[in-house]
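The values are calculated or read from the model by the stated rules, or taken from the named source; none is laboratory data. Keep in mind that what you see is a predicted model, and the values were worked out from it rather than measured. With ideal geometry, Cβ positions are generated from the backbone for all residues, glycine too; neighbour counts draw on all protein chains shown.
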Amino acid sequence: MAIKRITALFLICLLLLQGVGMPISLAQQEVPQNTTSPAVEEHLIMDEQSRLVYIDNCVVLVLQPEVKEAEALSWFPDENAQVVGRFPVINQIQVQMKPKTLAQLQALCDEMMK
């Protein structure tokens, strides 16, 4: 009797571990691909005052789930903004635009955080 019980429990555990009853196992789910655009050397700038090195034509945004990429791009009028990288799982996009100084980028980010 004890062996039948142990065997039954083992089989139940095995079925649970295999995900029986789930419509799609995690291995079969499509995982969105992360993409990024590498920095181009001419856009790596050192700010003389702070000595910080930054990319002068790119910002990274983490969007609320209801915000679409097109809406985010509309925040950059006259900038020829385009999405050049994505981390879909966390709603992060990398936006490339016209080059700016560190102070201009900081002001832009401060405005978007309001």
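Numbers for the structure displayed
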quantity	calculated
Leading residue by the ranking (farthest from the chain's Cα centre (by Cα)) among those in segment 40-64 that are in a loop (DSSP other than H, G, I, E, B) and among the charged types (D, E, K, R)	48
Top-ranked residue in segment 92-104 [being of a type in the set (S, T, N, Q) and in a strand (DSSP E or B); ranked as surrounded by the most Cβ atoms within 10 Å (Cβ to Cβ)]	96
Any hit, segment 70-83, residues being within 15 Å of residue 43 (Cα to Cα) and of a type in the set (A, V, I, L, M)	no
Matching residues, segment 37-82, being closer than 17 Å to residue 111 by Cβ and of a type in the set (S, T, N, Q)	64, 74
Complete set of residues in segment 68-91 that are surrounded by fewer than 13 Cβ atoms within 10 Å (Cβ to Cβ) and of a type in the set (Asp, Glu)	71, 78
Conditions (1) out of contact with any strand residue (DSSP E or B) (no Cβ under 9 Å at 6 or more places or on another chain); (2) surrounded by 10 or more Cβ atoms within 10 Å (Cβ to Cβ); (3) modelled with pLDDT of 90 or more; (4) not β-branched (Val, Ile, Thr); number of the one not met by residue 25	(3)
Residues within segment 68-95 that are small (Gly, Ala, Ser) and in contact (Cβ under 8 Å) with a residue 24 or more places away in the chain, tallied	1
